[in-house]
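J.: Okay, here's the structure, questions in a sec.
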2 protein chains.
Amino acid sequence: MASPKSAPAADRKARLSRELVLATALELVDAEGLDALTMRRLGQELGRDPMSLYRYAENRAALLDGVSELVLNELPVHEEDPDWKAQLRQIAHNLRLLALQHPNVVPLLVTRPLSTPLGLRPLGTLRPLEQILALLVGAGFSPADALHVYRAYYGFLYGHILNELQEFVVDPEENEVLLRLGLHRLPAKEFPLLRALAPALAEYDGSAELDQGLTILLSGLESQLSLQPAHSPA
Amino acid sequence: MASPKSAPAADRKARLSRELVLATALELVDAEGLDALTMRRLGQELGRDPMSLYRYAENRAALLDGVSELVLNELPVHEEDPDWKAQLRQIAHNLRLLALQHPNVVPLLVTRPLSTPLGLRPLGTLRPLEQILALLVGAGFSPADALHVYRAYYGFLYGHILNELQEFVVDPEENEVLLRLGLHRLPAKEFPLLRALAPALAEYDGSAELDQGLTILLSGLESQLSLQPAHSPA
DNA sequence: CGAGTAAAGTCTACATTGTAGATGCAGCGT
DNA sequence: ACGCTGCATCTACAATGTAGACTTTACTCG
C-alpha cells in the first residue's frame, strides 16, 4: 500500500476550492435534484467533512446562488454583434439549451432572485443583463428603451423555459399519450380540451415555438420603439 | 365565566376543515414568507396539534400545492367573452395583481408545476388553462393553434410577473435610488449601464409594460395564426 | 337515552437537516 | 524552534417532517 499520508488516493485529498465545490454541487443537483444537495451529502461527495464547505460558501443559500451563477456563466453573450435581433435569438436558444441540460437548476434561476435585491445578487448573475443592455445600446436604442426591450425579451424567454419544462413528458416508457402525461386522471367532462390536445402536447417543439414568439416580439418591439426616439419631457 | 365545554372560546375550538387550514396557511405565507409555513407553526396558528394537519393534506408539499390552488382560484376567467384579446389582457392584469398581493406565493406557482406532471397537478391549477383554451377555441382558433397562443401568452405573462417581482424595491425608506436597489455595491466599471439606469429601474411601471408586451404579442399571434387556417397534412 | 363506531385530534418518538463553537493540524516566515 | 494564519474536522444542538399508537369527540342506531 502507498503511504496514506501524502498520496492523493485517486482523487480524495485534492485541495478544495470554491470552483471544485460548486462544480460538484452542480453535478449532484443535475444527477439527483435539488433536495439531494445537503451539506452532508456534498461533503461526502467530496470526501470531506461537511463543515469544510462553509469556507467556500457562507450558507446553504449562498451555495445555491453559486450554483446558479455557475450555470449562467456558461451563457455566452456577444455584445458587439451588430445584428441585435439575431444575437438575442441566439442567446435565447442557448439559454433554453442550458435549461434543458440542467432542469433541476431552473427553479433556482427563477426563484433565488425573488429573495435577493438586484444589487446584492451574485455578480455572475447580473452579467448577462449588463451585456444585453450593452448589445441593445450598441444597436442604437436609448438606454431606457434598451431596458424595456430587455424586460420584454427576458420575461418572454424565462416564461417560455418554464412552460416548456412544465410540459415535459414524464414516463417515456409509456406510449399512450394520455398516460405519459398523466392526463387520464382528469375528469373528461371538466377538461375536454386539455384531454383532446394530448397529442399536440406530446409533440411540443419547444425550439420552434420559442423562435416564433421571438420573431413576433422582437419585430414588434423594434417598430414600436424606433417610432418614439426619446421620452419627451412632460 | 361561560362554560368552556361548549363555548368556542373566541376562535379556538372551531372545527377544522381543509378550507380553513389552507386559508390560514396562505395568511401565514403572506405575512411571513414561505419558510414560516412549517407544520408546527401552522398548527400553533390554528390552536391545534401539528399532526392534525395531516388529515387535510398528505404532505407539506401537498399543503403548498393547496396554497397555490387557493390563490389561482381567485383568478376569474370569462371564457364566453367574444373579444379574446381583451379578455386575455384582463386576465393578465388580474393575475399580475394577484401576484403583487401574494408575492410570497409566486415561487410556488412557478416552481411546483416543475415537479408535478401536468395530469397530476391539483385540478384548480389546471382550470385556468382549460378555460383559456375554451376562450380561444370559442374565438375561432383551432385547438392546436389555441394551444400555441396559450403557450406564448402564458409564458410571457409568467415571465413578466417574475421580472417585475425581481425588480421590486427593497427599502422604500431610503430615497437614494442606488441604495434602494442595492446597486451601490456594483463595481462601476463592469456595470456602467445597469448603474446608470437606476432611475429607470425605480420608475418601473409594471402594468404599462405588461400591456405593451401583450399588445405586441397578441396582435402578432393573431396575424400569424389566422394566415394558416389549419395544419395541412404533410 | 345509551352504547358502539368512525372520524378528528393528540402524544411520543425518531431520523435528517443546517450550522455554531471549540479543537486539531498543516505550512509559513522569522 | 516558535507561534501565527488559514484550512479542516469534531461535537453538539435546535428545528423540521412525519410515522404509529393512543385518546377524545361526535354521531348513529337500537
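The values are calculated or read from the model by the stated rules, or taken from the named source; none is laboratory data. What you see is a predicted model; the values in this text were computed from it and never measured. Glycine gets a Cβ as well: all are built from the backbone with ideal geometry, and neighbour counts include every protein chain shown. Side chains included, ligands, DNA and RNA excluded: accessible areas come from the protein's heavy atoms. Shrake-Rupley method; radii C 1.70, N 1.55, O 1.52, S 1.80 Å.
Condition check ((1) at positive phi; (2) of a type in the set (K, R); (3) exposed (fewer than 13 other Cβ atoms within 10 Å of the Cβ); (4) at the interface with chain B (Cβ under 9 Å from one of its Cβ atoms)) across all residues:
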{"position": "A:H184", "(1), (2), (3), (4)": "no, no, no, yes"}
{"position": "A:A188", "(1), (2), (3), (4)": "no, no, yes, no"}
{"position": "A:F191", "(1), (2), (3), (4)": "no, no, no, yes"}
{"position": "A:L197", "(1), (2), (3), (4)": "no, no, no, yes"}
{"position": "A:Y204", "(1), (2), (3), (4)": "no, no, no, yes"}
{"position": "A:A208", "(1), (2), (3), (4)": "no, no, yes, no"}
{"position": "A:D211", "(1), (2), (3), (4)": "no, no, no, no"}
{"position": "A:L214", "(1), (2), (3), (4)": "no, no, no, no"}
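J.: Something else about it: Is it the case, given these coordinates, that A:P128 is facing chain B (nearest Cβ under 9 Å), crowded, with 16+ Cβ neighbours inside 10 Å, out of contact with any strand residue (DSSP E or B) (no Cβ under 8 Å at 6 or more places or on another chain) and not acidic (D, E)?
T.: Considered against the rule, which asks whether it is facing chain B (nearest Cβ under 9 Å), crowded, with 16+ Cβ neighbours inside 10 Å, out of contact with any strand residue (DSSP E or B) (no Cβ under 8 Å at 6 or more places or on another chain) and not acidic (D, E), A:P128 comes out as no.
Listed here are the residues, each with its yes/no results for (1) in contact (Cβ under 8 Å) with a residue 12 or more places away in the chain; (2) open to solvent by less than 10 Å² (accessible area, probe 1.4 Å); (3) of a type in the set (A, V, I, L, M, F, W, C); (4) over 23 Å from B:V110 (Cβ atoms).
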site: A:L136; (1), (2), (3), (4): yes, yes, yes, yes
site: A:S142; (1), (2), (3), (4): yes, no, no, yes
site: A:L157; (1), (2), (3), (4): yes, yes, yes, no
site: A:I161; (1), (2), (3), (4): yes, no, yes, no
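J.: B:A144 - would you say it is in a helix (DSSP H, G or I), at pLDDT below 95 and in contact with a helix residue (DSSP H, G or I) (Cβ under 8 Å, 6 or more places away or on another chain)?
T.: yes
J.: Within region A:18-116, considering only helices (runs of 4 or more DSSP H) that don't extend past its boundaries, which have at least 1 residues that are surrounded by 15 or more Cβ atoms within 10 Å (Cβ to Cβ), within 11 Å of DNA strand C (Cβ to nearest atom) and within 14 Å of chain B (Cβ to nearest Cβ)?
T.: A:60-72
J.: State yes or no: is B:H148 under 30 Å from A:H184 (Cα atoms) and open to solvent by 10 Å² or more (accessible area, probe 1.4 Å)?
T.: Yes: the conditions hold for B:H148.
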